[in-house]
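These notes concern the structure reproduced below.
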Amino acid sequence: MRAMVLHRAHGRLEMEERPDPAPGPGQIRLRVEACGVCRTDLHVVDGELPNPKLPIVPGHEIVGRVEAAGDGVSLETGARVGVAWLGHTDGTCPYCRSDRENLCDAALFTGYTRDGGYATHTIAEADFVFPLSEDLDPVATAPLLCAGLIGWRSLKLAGDGRTIGVYGFGAAGHIIAQVCRWQGRRVFAFTRPGDNAGQAFALSMGAEWAGGSDEKPPEPLDAAILFAPVGALVPAALAALRKGGRAVCGGIHMSDIPAFPYELLWEERSVLSVANLTREDGHEFLALAPQAKVRTATTTYPLDKANKALDDLRSGRLEGAAVLVP
Ligand SMILES: [Zn+2]
Ligand SMILES: [Zn+2]
């Protein structure tokens, strides 16, 4: 197999040849068809997340086919499956036992604390993969496995409000805007100030208003979801919320949130974060996405151009989602 490997934070990924891994009990080996590039991968590469497994193969939006199965696995060879961020839980900690496996004390995360999908092949735990249809497009589907799933969990935590602000209109933003429209909600999109192309993209994806993150929406929001990793957006979003509104931080890492007056939080506004996902989130969203006719905008890169894909994501040059094809 070949894999793009990170040896140390701030380094470049290096292409390596490795022996094909053998799946252990309960595991499968996948031949990767496509792997999305998530902002979290950037946080891993840029050393913004503590204690990654090093060396690490990043990537947690994997579409692939079962090539070999270990003992106790019922998945058929050749079946198409998706692998997401949550790669393993212990099933026994207080969080797992209270239906909050996303907070598991002993979780392992694909592409962060276990090897992921920037590769031709990878190993996954069979209990943590999602069955995927034969007739879908692997490239178009890959971004659903994190941008879609985390976006969905963020939207659930945002509550039932009708007017939803989306701060940062990239991979997750453009997917969740389509889900909101399908649910009959109204979407207000916020991009980097002056990003006219990004605002036009948001409008084309169903947002009814798009502006810079330094602008106020035309009316107060019931909820705001922050996908951009910029702490200064938290007080900005709070200022855009109506009474009782929620600001949901959907990312795993964010720059520091600046001090703000209590007045912005007052009147039962709240700020909360989304951590990881549960398998239930994944099954819900993957069933809902075809009903909502979610379409993804993607830019494909060959596997050996993973560094270029990360650079393009870092600089904001991407529209939609980057996807690696081995
Ligand atoms: Zn647990
Ligand atoms: Zn992700």
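The values are calculated or read from the model by the stated rules, or taken from the named source; none is laboratory data. Everything numeric here is computed off the predicted structure, so don't read it as measured data. In this analysis, Cβ positions are derived from the backbone assuming ideal geometry, glycine residues included, and neighbour counts consider all displayed protein chains.
List of remarks:
- Gly148 vs. criteria free of Cβ contacts under 8 Å to residues at least 60 places away in the same chain, within 16 Å of ligand 2 (Cβ to nearest atom), closer than 21 Å to Glu319 by Cα and of a type outside the set (Val, Ile, Thr): no
- Close pairs (7 angstrom Cβ cut-off, 6 or more residues apart or separate chains): without any contact (Cβ under 8 Å) to a residue 60 or more places away in the chain in segment 106-124, in a strand (DSSP E or B) and surrounded by fewer than 24 Cβ atoms within 10 Å (Cβ to Cβ) anywhere: Leu108/Gly87; Leu108/His88; Leu108/Arg114; Thr110/Gly87
- Elements of type strands (runs of 3 or more DSSP E) in segment 111-173, at least 1 residues being closer than 18 Å to Phe188 by Cβ: 163-167
- Qualifying residue in segment 301-316 (condition: in contact with a Lys or Arg (Cβ under 8 Å, 6 or more places away or on another chain) and under 23 Å from Val129 (Cβ atoms)): yes
- Residue in segment 117-145 that is surrounded by the fewest Cβ atoms within 10 Å (Cβ to Cβ), counting only those that are of a type in the set (A, V, I, L, M, F, W, C), away from ligand 2 (no atom under 16 Å from the Cβ) and within 11 Å of Cys35 (Cα to Cα): Ala140
- Taken over segment 6-45, the criterion of being within 14 Å of ligand 2 (Cβ to nearest atom) and in contact with a helix residue (DSSP H, G or I) (Cβ under 8 Å, 6 or more places away or on another chain) is satisfied by Cys35, Gly36, Val37, Cys38, Arg39, Asp41, Leu42, Val45.
- Among the criteria (1) under 25 Å from Val37 (Cα atoms); (2) modelled with pLDDT of 95 or more, the one Gly159 does not fulfil is (1).
- Qualifying residue in segment 62-72 (condition: in contact (Cβ under 8 Å) with a residue 60 or more places away in the chain, farther than 20 Å from Gly282 by Cα, away from ligand 2 (no atom under 16 Å from the Cβ) and of a type outside the set (S, T, N, Q)): no
- Residues satisfying the stated conditions in segment 291-314, i.e. touching a residue at least 60 places away in the same chain (Cβ under 8 Å) and part of a helix (DSSP H, G or I): Gln291, Leu303, Asp304, Ala306, Asn307, Ala309, Leu310, Leu313, Arg314
- Restricting attention to segment 266-281, the residues that are in a loop (DSSP other than H, G, I, E, B), surrounded by 16 or more Cβ atoms within 10 Å (Cβ to Cβ) and not β-branched (Val, Ile, Thr) add up to 3.
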